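The values are calculated or read from the model by the stated rules, or taken from the named source; none is laboratory data. Because the structure is predicted, anything quoted here is derived from the model rather than measured. Because the Cβ atoms are built from the backbone with ideal geometry, glycine has one as well, and the counts that use them run over all protein chains shown. Accessible surface areas use protein heavy atoms only, side chains included; no ligands, DNA or RNA. Shrake-Rupley method; radii C 1.70, N 1.55, O 1.52, S 1.80 Å.
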Protein chains: 2
Amino acid sequence: MNYYMGIDLGGTNTKIGILDIEGNIYKSTSIKTLSSNGAQKTLERIWEASKELAKDLQIDISNIKGIGIGIPGPVIDQSIVAFFANFPWGENVNIKKMMEDISGIETKLDNDVNIIALGEAKFGAAKGSRASVTIALGTGIGGGIYIDGHLISGFNGAGGEVGHIKLVKDGRLCGCGQKGCFEAYASATGLIREATSRLIVNKNNLLYTIIEGKIDSLEAKDIFDAAKEGDEFSLSLVDYEAEYLAMGIGNILNIINPEIVVLSGGVALAGDILMNPLKEKLKKYALPVVVKDIKFVQGILGNEAGIKGSIGLFI
Amino acid sequence: MNYYMGIDLGGTNTKIGILDIEGNIYKSTSIKTLSSNGAQKTLERIWEASKELAKDLQIDISNIKGIGIGIPGPVIDQSIVAFFANFPWGENVNIKKMMEDISGIETKLDNDVNIIALGEAKFGAAKGSRASVTIALGTGIGGGIYIDGHLISGFNGAGGEVGHIKLVKDGRLCGCGQKGCFEAYASATGLIREATSRLIVNKNNLLYTIIEGKIDSLEAKDIFDAAKEGDEFSLSLVDYEAEYLAMGIGNILNIINPEIVVLSGGVALAGDILMNPLKEKLKKYALPVVVKDIKFVQGILGNEAGIKGSIGLFI
């Protein structure tokens, strides 16, 4: 039987799993990335841990037919990393070759959010759909576009960078240094920022009570929890979130016209209280033809999306 | 030798050409569409005119291996027209089957702007590029996305409808009925609208002189012409156009990350006076990684883009 290694390279931890081509995980582990040791040493450590996994399962290395890696940064031609979002590993690094030299096994890589999208498309919430867009709504906003079996990874590996489409001309400053980005409004951080600015002038609400006045430790979940209790202040924040989410997603729908949108990440966990106004508001931002059949679903792969998705590169 | 019929179905006129698979046009003609006669009769007339072309060239019908059609409306699976932008031909009409029944020849279709994008990608300004976006800047704004040999036509045939991404929340009313669309700002109509509103309060400029005070007959070309003469009033309008064009195109670049952008349509003819500020302003709206290698070119297929592009469906 053939097996594959799925690797989800993260800023702090790296997840590693042994899977089959159906995306079934036989065993997985997590190690510290320790990226400051450089790319070569980090990949060697990952390969050592991978071999341990195979040994535990009594799988011969010759039965490992491929290594798939999700990378925090733009990946060109499933081989070269243009730059790493948070590692000092340089530019245009051929990680494919580096890992193949270390392991002797064919290696393919792609951007980590694209990999999540691939995972949801091949094994998860969008399985069976020909065209899906997965949007990861967390600290930032990332995206991945899957059409007819392939990711739209882009000429420079930056396909699907939907978090940085501009919703407001000269708008709010984003972490990327540009202004008015989708992410600056509708990520968890964007929502917290708006909530914080409102809480400074209005403390007479359930949200303020729930967080015991500790504005600094406010999380997006607190806002959705208070809104579910009927707190008008929080409901207005959810409306704000839904509005910009609809505008950003609407723009993506008008360009791609997918069959299904998968929402993953922390903000997506809010559920109907966010999904219902989002769907309603979408009618204002996307053409009727792209909205009428659209399906919205929550991602189902969770923490396993990275290791599962990277196997999708071999299908 | 094998030949193909390329058909560019327009609101008023329909262009028909006989081509080879390399996109060379052997002979072409144009007939009135007369769409009020219905789909069946119109396609029959088009087929009669096509047969005349073949007869003139002494090409046997058995050597016509395919019919490609560009359609003003969303096309699903290169077969079914969801609706026609300006014909009363109903919804979800299987034009592929209708034309195959009439002609006995395999027929494929796609949206007319997608077909232009396919033509520029296969035979025109983006030939040789793996990922291109073609933007048609005219009365409206249309677009087509070409990646690794295929168009992104979308689940409902509305892929590439870039003219209706929203640049301004609750912004200017668009012809589509929604507000704040890219098209409402940066199409020729959008530019004329802005110019008109400014001319009402400021007539002391070269543009007003050039159009002899006839604001009703103002064309986008007049604005670019006056700007080229150094008219500050018109230069400010070009700046407005470049700004919204950069925001709209920047959003597309962040999502698709293409290798090349082809600008076609009347506004694209403005040349450097528009392209130079556009490229400069793009740095504000698109991520550095998607801007650094991007190429901007003018479409080269002109009026032949439709009939040439439709042959691309058979490559």
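Screening chain A for whole DSSP H helices of 24 Å or more along their axis (Cα) with average Kyte-Doolittle hydropathy at least -0.5 returns A:232-256.
Would you mind telling me which residue in A:57, A:191, A:282 has the biggest mean-square fluctuation in a Gaussian network model of chain A, where springs connect alpha carbons within a distance under 10 angstrom? Comparing A:57, A:191, A:282 in the GNM, the peak value goes to A:57. I'd like to know which of B:235, B:248, B:210 lies farthest towards the positive end of the charge dipole of region B:127-299, counting +1 on Cβ of Lys and Arg and -1 on Cβ of Asp and Glu. Going by the charge dipole, the pick is B:248. Neighbouring Cβ atoms from other chains, within 10 Å of the Cβ of residues in A:281-294, number 5 on average. Look at where the Cα atoms of region B:197-230 and of region B:90-135 average out, and the two centres are 38 Å apart.
Of B:143, B:23, B:128, which has the largest mean-square fluctuation in a 10 Å C-alpha GNM of chain B? Greatest mean-square fluctuation among the candidates belongs to B:128. From the largest down, the protein assembly as shown spans 75, 63, 44 angstrom on the principal axes of its Cα atoms. Residues of region A:15-32 falling in the label zone of residue A:1, defined by backbone nitrogen less than 20 Å from a point 7 Å along Cα to beta-carbon, are A:16-29. Placing unit charges on the Cβ atoms only, positive for Lys and Arg and negative for Asp and Glu, gives the protein assembly as shown a dipole magnitude near 100 debye about its Cα centre. Under 18 Å of direct C-alpha separation, and excluding same-chain neighbours fewer than eight residues apart, residue A:283 reaches these aspartates and glutamates: A:239, A:241, A:243, A:259, A:272, A:293, B:161, B:170, B:183. Averaged over the residues of B:1-11, the number of partner chain Cβ atoms lying within 10 Å of the residue Cβ comes to 0. For a straight C-alpha distance cut-off of 14 angstrom, the aspartates and glutamates reachable from residue A:108 (same-chain residues fewer than eight places away being disregarded) are A:8, A:77, A:100. In chain B, the sites counted are trypsin sites (Lys or Arg not before Pro) in DSSP loop states with at most 13 other Cβ atoms within 10 Å, and the longest stretch holding none of them, exclusive of the sites, is B:1-202. Helices in the protein assembly as shown, meaning DSSP H runs of at least 4 residues, each add -39500 (n - 2.57). Divided by all residues, the mean residue ellipticity at 222 nm is -11500 deg cm²/dmol. List the lysines whose Cα sits under 16 Å from the Cα of residue B:127, skipping any in the same chain fewer than 8 residues away. Straight-distance partners of residue B:127: B:295, B:308. A point 7 Å from Cα along Cα→Cβ stands in for residue A:49, and the other copies hold the same point at 6.6 nm, listed in rising order. Built from the Cα atoms of region A:25-119, the convex hull projects on average onto 5.9 nm², one quarter of its surface area. Inter-copy label distances at residue B:104, using a point 7 Å along Cα-to-Cβ, come to 6.2 nm with the shortest given first. Per-residue surface analysis assigns residue B:60 an accessible area of about 90 Å², computed on protein heavy atoms at 1.4 Å probe radius.
Taking chain B as a Gaussian network, Cα atoms linked when under 10 Å apart, which of B:168, B:238, B:297 shows the biggest mean-square fluctuation? Fluctuation is largest for B:168.
When the convex hull of the C-alpha atoms of region B:127-299 is computed, what volume per residue in Å³ does it have?
Output value, Cα hull per residue: 115 Å³.
Overall size of chain A from C-alpha positions, given as principal axis extents largest first: 63, 44, 35 Å.
Computed from the Cβ-Cβ distance with R0 of 25 Å, the FRET efficiency linking residue A:269 to residue A:214 stands at 0.70.
Shown for residue A:63: label points 7 Å from Cα along the beta-carbon vector, and their distances to the equivalent points in the other copies, 6.0 nm in ascending order. Given R0 = 51 Å, the distance between the Cβ atoms of residue B:193 and residue A:13 translates into a calculated FRET efficiency of 0.40.
Would you rank B:275, B:1 by solvent-accessible area, highest first, keeping every protein chain in place and using a 1.4 Å probe?
So, going from the largest accessible area down, we get B:1, B:275.
Magnitude of the charge dipole for region A:110-220, about its Cα centre and with charges confined to Cβ atoms of Lys, Arg (+1) and Asp, Glu (-1), is about 320 debye.
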